[in-house]
Amino acid sequence: MEVKKILLSDDEIPRQWYNILSDIKMNPPLGPDGKPISAEQLAPVFPMNLIEQELSDKRWIDIPDEVLEVLKIWRATPLIRATGLEKALDTPARIYYKYEGASPPGSHKANTAVAQAYYNKEFGIKKLTTETGAGQWGSALSFACAHFGLECKVYMVKVSFEQKPYRKSMMGVWGGKCIPSPSSYTKAGREVLEKFPDSQGSLGIAISEAVEEAVSDTTGKTRYSLGSVLNHVMLHQTIIGLEAKKQMDKIGEYPDVIIGCAGGGSNFAGISFPFVLDKINGKDIDIYPVEPLACPTMTRAEFSYDHGDIAGYTPLLPMHSLGHTFMPAPIHAGGLRYHGMSPIVSQLIVEGLITPKAVNQLDSYEAGILCAKTEGIIPAPETNNALAYVVAEARKAREEGKEKVILFSWSGHGLIDLGSYDKYFEGKIIDCKPEDEELKRYSEILKNYPKPEIIKDYR
Amino acid sequence: MPNASILIKRCPMLGGEISFKYCETCGGNNLPCRKVMDCWQETFDIARYLKDTLTKEEFAAVMSSKNYSKISTIIAASEKNFK
Ligand SMILES: Cc1ncc(COP(=O)(O)O)c(C=O)c1O
C-alpha cells in the first residue's frame, strides 16, 4: 500500500531549533537613527531572553520542555503525500506537504506564539500586546497566552475586525481581548480618531497602538509580540522543516524542490531553513518562497519604500527629497531590503540560496480549490500562493518526465476565510497583467521624480 | 478606470480581501497606502489615477521613500512612548 502520511511519535519531535544566523552573514539591522539597533533599544519592547535569541548566532537552540509540552497538542504535524493532487495533475512528481493547519488556531503561527508566550512568562511578564491584520496571528497568540496564564491584548485593523467577526470570538474563547484599531485606548489611536473618525485603520496604526500599550506600562510587566519577520520567529518555525526531514528520512525520500508561501517569511523559513543548511553544505535543492504577484515585495522593485507610517507621525516630506523611478525589472540589486519581509529571507535571496516566485490571484484560488477537492483540506488563501507554484512545478515535472520530489508547507486551513472563496466564486477577484504600453505610461508620469534614497541595512 | 468600489484584492499585509477604496485612505494622514502602486499597477492605470485625484504634495507624499524596516518602525514607536 502506498504511504499517505508519515507521523512522528512525541519522543521523535525535534528538541532543538535551527538558527540559520550561525551559517549566514548579516549586517545588524538599523534603527530609526540609522545606527545599529542595540539590545537596550529592544528591551522595553521584548523580554531579554527573546532579545538574546534574536541576536544569537548559536546554531542549535534547545526547545524548552514547557514549550514542547504545549506544541505536543498538535505536533509533530503529519507529513502527507498529496496523492490525490498527483493523480489529478497526472504528474510523475511525488508531492509531500507538512500540514500546519493542524494547530488549534489553524496555522503555523502557533509555533512561535507558544515559544514567545513561554519566554515572556519566564521573564516575569504578565501581559502581551500585539497587532493583527485579519486575525490569524492574534488568534495564535491568544491561544498561546491561555496556556501560560498571560493576559493578551490584540489590536485588530478595523476593516478586518468588521469583516471577520469569528476571529474576535476565537481570541475571546482563549481569553484574548481583541480591540478594533484605531481605538481610544492609546494616544496613537485617539490622534487618528480625532483627525479621521471614520478611519478603517491600518497595520501601521495597529502596531503603534500595541507597542505604545506595551512600553507605557510603568510596572514593566507588559511586552509586545510580533508574529513574523523577526529572527527569533523564523527560529521557532524551523521545527516544521526539522520534522519534515525526519519524516522524509523514514521513507527514504529527500526533496528536490521546496516551496512555501511568504508574507513576512516565517512559514517559508520554517519549512526551508533546515534544508538551506543542506544546500549550503552542497545539496542540490531548488528552494522557492512564493508571494502574490499583485503586491510583491521579493520579486519586483517597489515603487515606494516602507514609510513607517506610524499613526501619522511620519511628516509629509518636502518635494525635493522624494520621488521614484519606476523600476519594472525584478530586483537583483544586492542588499536591497524588502519591506515587511524577514531580513534573513531577503539575505538568502541576495545570496542566491533561494529564488522568489510570484503567482497571480486567480491561479492561486484555482490551485487551492483543486487541492481542496483532491486532498480534502480547504487551504488558507495564503497557502494558495504556495499551491499555485506547487501545481506549476508538478506540471513542469510532467512535461519534462522527471520524478521530482516536491516538499511544501500547507501553512493553514481556510475555514475562517471562506468569505474569500465566496468572493472568488462571485468573480469579484480579478487579475490583469499590465500591457507594455501601460508600463511606459507609468514611467512617463514618474520620470520627473528624483530617485529615492534607499537606506540599506544589509549589504 | 474601472469603478473603484468593485475592485477587490487580497491585502497581503492584512490577510483579507479589501476594496480599492480602503487602499486609497489607509496610509498616513488618510492618504493612499504607500504600497498602492505596487498592488494596483497590474489592474489599472493607478499612477494616472493618483495624479488626477491627489494634489501634487499628496502625490509626492505617497511616493516618498525612506525605507524603514519593521523593527525600526517598532523601535520608533517604542521610543515615542517609553516612560
Ligand atoms: C496561513 C498563513 N500562511 C502564511 C502566512 C504568511 O505569513 P508568514 O510569511 O510570516 O508565514 C500567513 C499570515 O498571516 C498565514 O495566516
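The values are calculated or read from the model by the stated rules, or taken from the named source; none is laboratory data. Remember, it's a predicted structure, so these values are computed and weren't measured experimentally. With ideal geometry, Cβ positions are generated from the backbone for all residues, glycine too; neighbour counts draw on all protein chains shown. Ligands, DNA and RNA are stripped out before the accessible areas are found, and what is left, the full protein with its side chains, is counted by its heavy atoms. Shrake-Rupley method; radii C 1.70, N 1.55, O 1.52, S 1.80 Å.
Pairing residues of region A:227-241 that are more than 21 Å from residue A:206 (Cα to Cα) with residues that are within 9 Å of the ligand (Cβ to nearest atom) and of a type in the set (D, E, K, R), at Cβ distances under 8 Å and at least 6 apart in sequence or on separate chains, gives A:240/A:100.
Being under 30 Å from residue A:393 (Cβ atoms), touching a residue at least 40 places away in the same chain (Cβ under 8 Å) and surrounded by fewer than 16 Cβ atoms within 10 Å (Cβ to Cβ) is a property that residue A:62 lacks.
Please specify each residue of region A:365-382 satisfying the condition of being within 15 Å of the ligand (Cβ to nearest atom), in a helix (DSSP H, G or I) and either free of Cβ contacts under 8 Å to residues at least 40 places away in the same chain or under 16 Å from residue A:419 (Cβ atoms) (or both).
Correct list: A:365, A:367, A:368, A:372, A:381, A:382.
One residue stands out in region B:12-24 among those that are within 7 Å of another protein chain (Cβ to nearest Cβ) and either in a helix (DSSP H, G or I) or open to solvent by 40 Å² or more (accessible area, probe 1.4 Å) (or both): the one that is farthest from the ligand (Cβ to nearest atom), namely B:22.
This table checks each residue for (1) open to solvent by less than 50 Å² (accessible area, probe 1.4 Å); (2) under 20 Å from residue B:18 (Cβ atoms).
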site: A:175; (1), (2): no, no
site: A:186; (1), (2): yes, no
site: A:201; (1), (2): yes, yes
site: A:213; (1), (2): yes, no
site: A:231; (1), (2): yes, no
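Could you check region B:22-66 and list, in sequence order, the residues that are touching a helix residue (DSSP H, G or I) at 6+ places or on another chain (Cβ under 6 Å) and within 30 Å of residue A:139 (Cβ to Cβ)? Passing the criteria: B:22, B:23, B:32, B:33, B:36, B:40. Please enumerate the residues belonging to region A:243-264 that are surrounded by 24 or more Cβ atoms within 10 Å (Cβ to Cβ) and among the aliphatic types (A, V, I, L, M). Residues satisfying the conditions are A:244, A:258, A:259, A:262.
Applying the criterion of being in contact with a Phe, Trp or Tyr (Cβ under 7 Å, 6 or more places away or on another chain) and more than 11 Å from chain B (Cβ to nearest Cβ) to the residues of region A:131-144, the residue that is surrounded by the most Cβ atoms within 10 Å (Cβ to Cβ) is A:142. If I filter region A:278-288 for residues that are open to solvent by 10 Å² or more (accessible area, probe 1.4 Å), within 15 Å of the ligand (Cβ to nearest atom), more than 14 Å from chain B (Cβ to nearest Cβ) and in contact with a helix residue (DSSP H, G or I) (Cβ under 9 Å, 6 or more places away or on another chain), do I get at least one hit? Yes, the conditions are met somewhere in region A:278-288. Pairs linking a residue in region A:398-416 that is open to solvent by 10 Å² or more (accessible area, probe 1.4 Å) to a residue that is among the charged types (D, E, K, R), with Cβ atoms under 6 Å and 6 or more positions apart or on different chains, are A:404/A:256.
Confirm whether residue A:217 is over 27 Å from residue B:24 (Cα atoms) and either more than 13 Å from every other protein chain (Cβ to nearest Cβ) or not aromatic (Phe, Trp, Tyr) (or both).
yes
The sole residue among A:153, A:126, A:121, A:109 that is buried (at least 21 other Cβ atoms within 10 Å of the Cβ) and more than 12 Å from the ligand (Cβ to nearest atom) is A:153. If the condition is being open to solvent by 60 Å² or more (accessible area, probe 1.4 Å) and in contact (Cβ under 8 Å) with a residue 60 or more places away in the chain, then region A:156-171 contributes A:163, A:166. Considering region A:249-266, and only residues there that are in a helix (DSSP H, G or I) and in contact (Cβ under 8 Å) with a residue 24 or more places away in the chain, the residue that is nearest to the ligand (Cβ to nearest atom) turns out to be A:266. Within region A:346-364, being within 16 Å of the ligand (Cβ to nearest atom) and part of a helix (DSSP H, G or I) holds for A:346, A:347, A:348, A:349, A:361, A:364.
Taken over region A:40-90, the criterion of being under 28 Å from residue A:222 (Cβ atoms) and in contact with a Lys or Arg (Cβ under 7 Å, 6 or more places away or on another chain) is satisfied by A:45, A:46, A:47, A:62, A:63.
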